[in-house]
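Where a number appears in this text, it was derived from the coordinates with a stated rule and is not lab data. Just so it is clear, the structure is predicted and the values come from calculations on it, not from any experiment. Counting neighbours? That spans all protein chains shown, and the Cβs are built from the backbone with ideal geometry, glycine included.
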Amino acid sequence: MSIRCTVESAFFIAWSFLEKSGELGPPDNSANILLDAIEAQLKTGERRPLMLGNRAIDTYRDQMAYNRLSAARTARLR
């Protein structure tokens with residue numbers, strides 16, 4: 001499987017799951033987070049689409065939680 005097909009498969013896995021679960025945020029931001037997570041894993045040698053997709057979901061969830069915490073801290077400081 002080519003790298004392009006691997007990335008497409010992993011992205012589709014992550015995107016579909018997040019969309020079905022109702023966790024998917026703004027499309028551009030969500031796509032960037034997922035693709036960055038997949039790219040980072042590819043650099044470490046990971047090539048399994050399911051593993052790439054699942055870890056991208058974890059990264060996305062972590063990023064969204066961090067964003068919510070940052071927003072709450074900012075709101076408290078005002």
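Does any residue of the range 61-72 turn out to be in contact (Cβ under 8 Å) with a residue 40 or more places away in the chain and buried (at least 16 other Cβ atoms within 10 Å of the Cβ)?
At the first step, the residues of the range 61-72 found to be in contact (Cβ under 8 Å) with a residue 40 or more places away in the chain are 64.
Now narrow it down to the ones that are buried (at least 16 other Cβ atoms within 10 Å of the Cβ): 64.
For the range 61-72, residues in contact (Cβ under 8 Å) with a residue 40 or more places away in the chain and buried (at least 16 other Cβ atoms within 10 Å of the Cβ): present.
Hey, does the range 43-63 have a residue that's over 26 Å from SER2 (Cβ atoms) and of a type outside the set (S, T, N, Q)? Let's see the steps before the verdict.
The first filter runs over the range 43-63 and keeps only residues over 26 Å from SER2 (Cβ atoms), leaving 61-63.
Then drop every residue that is not of a type outside the set (S, T, N, Q), which leaves 61-62.
Yes; the residues of the range 43-63 include at least one that is over 26 Å from SER2 (Cβ atoms) and of a type outside the set (S, T, N, Q).
Any idea how many residues of the range 6-33 are outside any loop (DSSP other than H, G, I, E, B) and either surrounded by fewer than 16 Cβ atoms within 10 Å (Cβ to Cβ) or more than 11 Å from the chain's Cα centre (by Cα) (or both)? Don't jump to the end; show me each part of the working.
Going through the range 6-33, the residues outside any loop (DSSP other than H, G, I, E, B) turn out to be 6-21, 27-33.
Remaining after also requiring either surrounded by fewer than 16 Cβ atoms within 10 Å (Cβ to Cβ) or more than 11 Å from the chain's Cα centre (by Cα) (or both): 6-9, 12, 16, 19-21, 27-29, 31-32.
The qualifying residues number 14.
On inspection, ILE3 does not qualify as among the β-branched types (Val, Ile, Thr), free of Cβ contacts under 8 Å to residues at least 60 places away in the same chain and surrounded by 18 or more Cβ atoms within 10 Å (Cβ to Cβ).
As a summary of the residue check, ASP36 satisfies the conditions (1) crowded, with 18+ Cβ neighbours inside 10 Å; (2) under 8 Å from the mean Cα position of the chain (by Cα) except for the one numbered (1).
Quick one: is LEU50 assigned to a helix (DSSP H, G or I), surrounded by fewer than 18 Cβ atoms within 10 Å (Cβ to Cβ), of a type in the set (A, V, I, L, M) and more than 9 Å from the chain's Cα centre (by Cα)? Reasoning before the result, please.
Values: assigned to a helix (DSSP H, G or I): yes; surrounded by fewer than 18 Cβ atoms within 10 Å (Cβ to Cβ): yes; of a type in the set (A, V, I, L, M): yes; more than 9 Å from the chain's Cα centre (by Cα): yes.
Spelling it out, LEU50 is indeed assigned to a helix (DSSP H, G or I), surrounded by fewer than 18 Cβ atoms within 10 Å (Cβ to Cβ), of a type in the set (A, V, I, L, M) and more than 9 Å from the chain's Cα centre (by Cα).
Taking the range 53-78 as the search range and keeping residues that are outside any loop (DSSP other than H, G, I, E, B) and of a type in the set (D, E, K, R), which one is farthest from LEU18 (Cα to Cα)? If you could, list the steps in order and put the result at the bottom.
Keep residues of the range 53-78 that are outside any loop (DSSP other than H, G, I, E, B), which gives 53-77.
Right, trim to of a type in the set (D, E, K, R) and you get 55, 58, 61-62, 68, 73, 76.
Working: ARG55: 12, ASP58: 10, ARG61: 9, ASP62: 13, ARG68: 17, ARG73: 26, ARG76: 29 Å.
The extreme case among them is ARG76.
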